[in-house]
Ligand code: FAD
């Protein structure tokens with residue numbers, strides 16, 4: 001056995017919301033805790049996010065008077081979506097939701113508010129305007145030197161820029177910033193950036209520490225109470241994606257460049273862990289950007305999407321994971337067609353690139369007629385013309401007879417209340433190349449309700465816990481509503497740390 005480089009009670013791999021919530025719970029509970037982050041910045045994909053958090057039945061919704069949010073309505077909703085089958089993880093999540101929020105808001109640096117954002121399915125238990133909560137923005141000055149450690153928004157990060165010094169940290173940056181500040185203020189936490197977990201150290205069947213590669217060379221860190229793996233999924237590994245047949249590509253994922261390559265999953269599997277859901281991700285439509293990466297695209301308020309034959313194939317306004325899945329099943333190449341009325345893509349695009357840059361790069365094309373546009377994107381001109389004509393007829397009537405776009409309250413949330421069917425009839429016309437993107441994979445380590453990692457015989461591996469996209473999400477192929485990825489990560493990390501103490 002080698003020497004320990006350092007000794008902790010709890011070692012957490014990763015620094016997204018689950019990781020930091022778990023680390024804070026451990027440190028606030030009096031335990032010396034290390035956060036290991038592979039890159040130089042904290043927060044991973046969580047930092048890019050809108051930080052909607054789908055934690056039902058908490059004091060935050062109660063404060064806001066969101067009367068249709070209760071644990072019971074959330075249970076009914078999840079049951080309608082996921083079925084009556086084994087529900088132990090679902091129940092553990094529902095139980096932890098109010099508890100983790102109460103714990104976090106007990107810290108003076110953490111505060112949430114409710115934010116309207118409808119859930120993604122018309123099913124029993126659905127709320128009228130959503131039940132997600134978000135962190136309040138935080139001024140960078142409040143974080144002091146820690147602010148520079150928080151990963152900037154995706155547009156700036158991909159451009160190699162840090163935070164805009166004139167702006168407070170908002171959304172995912174506020175969540176990571178607040179959790180980091182609270183963790184640092186416990187005085188019992190170490191943050192070790194540029195330190196990548198490489199393997200787990202097992203003694204007599206128990207995980208007792210981790211081996212990691214740091215900027216100064218290899219380290220061995222002891223974890224007396226447990227190791228929490230919350231190091232994202234494998235969305236940035238082309239090899240693992242291909243092996244597990246995950247739609248989309250490592251280039252088109254929204255995860256930070258090269259960060260989430262499944263290291264924690266691989267390390268745990270080497271220690272005997274079982275996996276599940278390995279072909280799953282939180283999918284979304286992506287506009288292909290000139291740099292070859294994708295931009296998360298949601299909330300369409302115009303345009304239509306056609307497949308390689310020039311036909312529509314789905315309701316473009318579907319919640320993004322559902323539209324991403326439709327796109328994965330469609331025959332490519334896929335294009336968003338819009339016209340001179342908007343020029344920019346009629347949707348929320350993160351990160352958006354200027355139309356001129358797209359046109360120069362050829363990721364968008366422009367033409368005076370639909371026929372010319374069809375020729376430029378390689379689809380039959382007659383098919384595109386009749387698709388657009390039919391769609392324009394629906395726009396005139398305000399009813400999409402083919403795919404029911406604009407009928408669900410989610411669709412209308414982004415269109416100012418109307419159906420969002422806008423005729424494409426004013427040249428020049430545009431076609432933007434669309435690809436299947438994702439907000440992270442969600443297949444990985446199988447866990448029990450206390451987030452203990454299970455082996456192939458369903459036995460917990462002592463000392464080993466996991467949360468977030470490192471695990472096989474209990475939601476399987478379903479994305480129930482805004483904030484489920486982050487919420488489930490936080491709830492199971494919290495349960496893990498609580499279990500370590502027991
Ligand atoms: P991450 O947050 O990606 O964190 C993983 C971290 O682990 C990374 O920092 C990575 O560098 C590190 N790591 C990887 N390997 C190692 C290793 N070997 N050792 C140490 N560290 C390692 N979800 C929501 O719930 N609500 C939203 O509002 C929302 N909005 C989104 C908006 C955008 C634009 C995007 C891109 C995503 C959004 N998502 C949202 C999705 C959500 O952000 C992610 O799915 C979720 O945050 C993943 O959390 P995680 O902790 O599993 O991984």
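Quick check on my filter: what residues within the range 335-349 are touching a helix residue (DSSP H, G or I) at 6+ places or on another chain (Cβ under 9 Å), outside any strand (DSSP E or B) and crowded, with 17+ Cβ neighbours inside 10 Å?
The one that is touching a helix residue (DSSP H, G or I) at 6+ places or on another chain (Cβ under 9 Å), outside any strand (DSSP E or B) and crowded, with 17+ Cβ neighbours inside 10 Å: 345.
Does residue 325 satisfy the criteria of being assigned to a loop (DSSP other than H, G, I, E, B) and within 30 Å of residue 390 (Cβ to Cβ)?
Answer is no for this residue.
Yes or no: the range 73-92 includes at least one residue that is in contact with a helix residue (DSSP H, G or I) (Cβ under 6 Å, 6 or more places away or on another chain) and closer than 23 Å to residue 256 by Cβ.
Checking the range 73-92: not a single residue is in contact with a helix residue (DSSP H, G or I) (Cβ under 6 Å, 6 or more places away or on another chain) and closer than 23 Å to residue 256 by Cβ.
Collect the residues in the range 398-417 that are closer than 19 Å to residue 339 by Cα and without any contact (Cβ under 8 Å) to a residue 40 or more places away in the chain, keeping them in residue-number order.
If the condition is that a residue be closer than 19 Å to residue 339 by Cα and without any contact (Cβ under 8 Å) to a residue 40 or more places away in the chain, then 398 is the only one that fits.
Considering only residues that are more than 12 Å from the ligand (Cβ to nearest atom) and part of a helix (DSSP H, G or I), which ones fall in the range 248-274?
269, 270
So is residue 228 within 29 Å of residue 450 (Cβ to Cβ), part of a strand (DSSP E or B), over 22 Å from the mean Cα position of the chain (by Cα) and within 14 Å of the ligand (Cβ to nearest atom) or not?
No, not satisfied.
Could you grab me the full set of residues in the range 185-225 that are away from the ligand (no atom under 16 Å from the Cβ), part of a loop (DSSP other than H, G, I, E, B) and closer than 25 Å to residue 143 by Cα?
Scanning the range 185-225 gives 186, 187, 188.
Residues to consider are 449, 428; find the one that is under 26 Å from residue 225 (Cβ atoms), more than 16 Å from the ligand (Cβ to nearest atom) and surrounded by fewer than 24 Cβ atoms within 10 Å (Cβ to Cβ).
Matching residue, one of 449, 428: 449.
None of the figures in this text is laboratory data; all of them are computed from the coordinates on show. Since the model is a prediction, treat every value here as computed from it, not as a measurement. In this analysis, Cβ positions are derived from the backbone assuming ideal geometry, glycine residues included, and neighbour counts consider all displayed protein chains.
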